[in-house]
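Shown next, in structure tokens, is the structure this report addresses.
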Amino acid sequence: MIAVAGCGNDLPSASFIEKLRVLMVQAEPPEVAPGQATALDILAVEPPVQMLDGGPPSPLTFLWLACTIPPGTVEQVPCGVGNGALDTIPPWCADQPGSSLCVIGTDQHGSYTPPASVLSAAGTGQILLTVAVADTPEGATGCLMDTASNTGLPTNPDHCVLSLKRLTVSDPKRTLSNGMPAPPPNQNPKLIDLYYTDEVVNTSLVGDMGTFAPAPVTNAQSVRLVATRDADSAEMEAQLDSDGNFTGFAYEALTVAWFTTAGKIDGGRSAFTPPACPTQAMCPTQAPGAQVDTHWTPPTDAQLPGQITNGSIEFWAVIRDDRGGVSAKQGIATKR
């Protein structure tokens, strides 16, 4: 998933939710056969304490699009914004499934069914999914058209975000170069637990069970934030050389991105690695470990009014593989 946003000075930590953010765009499943539907979802979040930049935001609106990826494309732009101003909304995918650009829907959740024409001679292909989300009166449609007329950059990036996702389409009957049947299609990895620990007590953040104590003004101590993956999340994928020949199987890379509405996270991304291996790539046939962690420092009492409104802090751990699979686990901690 790629988010299109603006740049500036003195940016807050990427893990801190200080404006409209898209944390995840998910297709379930992330790899489908032609004619097979995939369920679409977006995790878009806003800060509990809204920015004072022109009044309260409008309700979130969404616009999903699908488009074909030209052969040899390296840097992909969002669907509908690559050719200057977008004068009209494209046709609906349900009406013209073979269109090179079409609208999937306008809800937070959606469904998309790729056509067989996307497959290459090798039996695989990709569709680019784009979702525009906005909290402005112009809505997601205005966000998309504004971005299209501004060389692919939103003029109001704090309130208009375009995110991309590549959907893999594959023929389940295809074979590898050595004649072996292709492996099962990729699945979204999942997390089963999210907690923090001071190395004495583990505090679960799942199911509104978490609590926190504000940090002192001086000598604030961080705690370890931990995410545990589902045992089935570590999948093996086929490895191909530069000529497309099958060379064996290796475990996919799994990472977690961390987010919170208050406090400070030290290190916004963590990688699952095999025991005694610094990276998954160095031990490709060994399964990655079950947990990853980072550190979180709670806010002080003085910081709380500017970060939370109901006494609770939200956390998200977003797990991704290296083939487009993604899911998220949310946690909540209430001031004690």
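Every read-out reported here was derived from the displayed coordinates using simple, explicitly stated rules and does not represent laboratory data. Small disclaimer: the values here were computed from a predicted structure and weren't measured. Here the Cβ positions follow ideal geometry from the backbone for every residue, glycine too, while neighbour counts run over all protein chains shown.
Of note:
- Mean sequence separation of contacting Cα pairs (under 8 Å, at least six apart), scaled by the length of region 191-335, corresponds to a relative contact order of 31 percent.
- Calculated [222 nm] ellipticity per residue, helices only, for the chain: -1000 deg cm²/dmol; basis is -39500 (n - 2.57) per DSSP H run with n ≥ 4, divided by all residues, nearest 500.
- Each Lys and Arg contributes +1 and each Asp and Glu -1, all at the Cβ; summed about the Cα centre of the chain, the dipole is approximately 280 debye.
- Inter-probe distance in nm under a simple model that places probes 7 Å from Cα toward Cβ, at residue 302 and residue 50: 2.8 nm
- Note: relative contact order over region 118-235, using C-alpha pairs below 8 Å and six or more positions apart, is 22 percent.
- Shown is the FRET efficiency for residue 291 and residue 243, computed with R0 = 35 Å from the Cβ-Cβ distance and rounded to the nearest 0.05: 0.40.
- Net dipole in debye of region 191-335 [+1 Lys, Arg Cβ; -1 Asp, Glu Cβ; about Cα centre; nearest 20]: 480 debye
- Three semi-axes of the equivalent ellipsoid, the chain, Cα gyration tensor, whole Å, largest first: 35, 29, 15
- Computed extension gain for residue 171 through residue 197, at 0.36 nm per residue and net of the alpha carbon distance, reaches 4.8 nm.
- Within the chain, the longest segment free of exposed loop sites, counting GluC sites (Glu not before Pro) that fall outside DSSP classes H, G, I, E and B and have at most 11 other Cβ atoms within 10 Å, spans 200-336.
- The chain: relative contact order as a whole-number percent, Cα under 8 Å and 6+ apart: 20 percent
- One decimal place: the segment residue 250-residue 41 gains 72.4 nm when fully extended, by the rule 0.36 nm per residue minus the C-alpha distance.
- Of the residues 295, 312, 272, the one whose Cα sits farthest towards the positive end of the charge dipole of region 262-332 is 272 (charges of +1 on Lys and Arg Cβ, -1 on Asp and Glu Cβ, taken about the Cα centre).
- Based on the Kirkwood approach, the hydrodynamic radius assigned to region 2-170 is 16.5 Å, with every pair of different Cα atoms included.
- For residue 237, neighbours were defined as the other residues whose beta-carbon sits under 10 Å from its Cβ, and their charges (Lys and Arg +1, Asp and Glu -1) total -3.
- Hypothetical label at residue 322: residues of region 270-307 whose amide nitrogen lies under 16 Å (7 Å Cα-Cβ projection): 270-275, 277-289
- Positive-end ranking of 240, 114, 167 along the dipole of the chain, with charges on Cβ about the Cα centre, is headed by 240.
- Point-to-point label distance, residue 117-residue 271, nm (Cα→Cβ direction, 7 Å offset): 4.0 nm
- Selection among 204, 48, 142 by position relative to the dipole of the chain gives 204 as farthest towards the positive end (Cβ unit charges, Cα centre).
- Alpha carbon convex hull of region 191-335, projected area averaged over orientations, nm²: 10.2 nm²
- Trypsin sites (Lys or Arg not before Pro) restricted to DSSP loop in region 125-180 with at most 16 other C-beta within 10 Å: 173, 174
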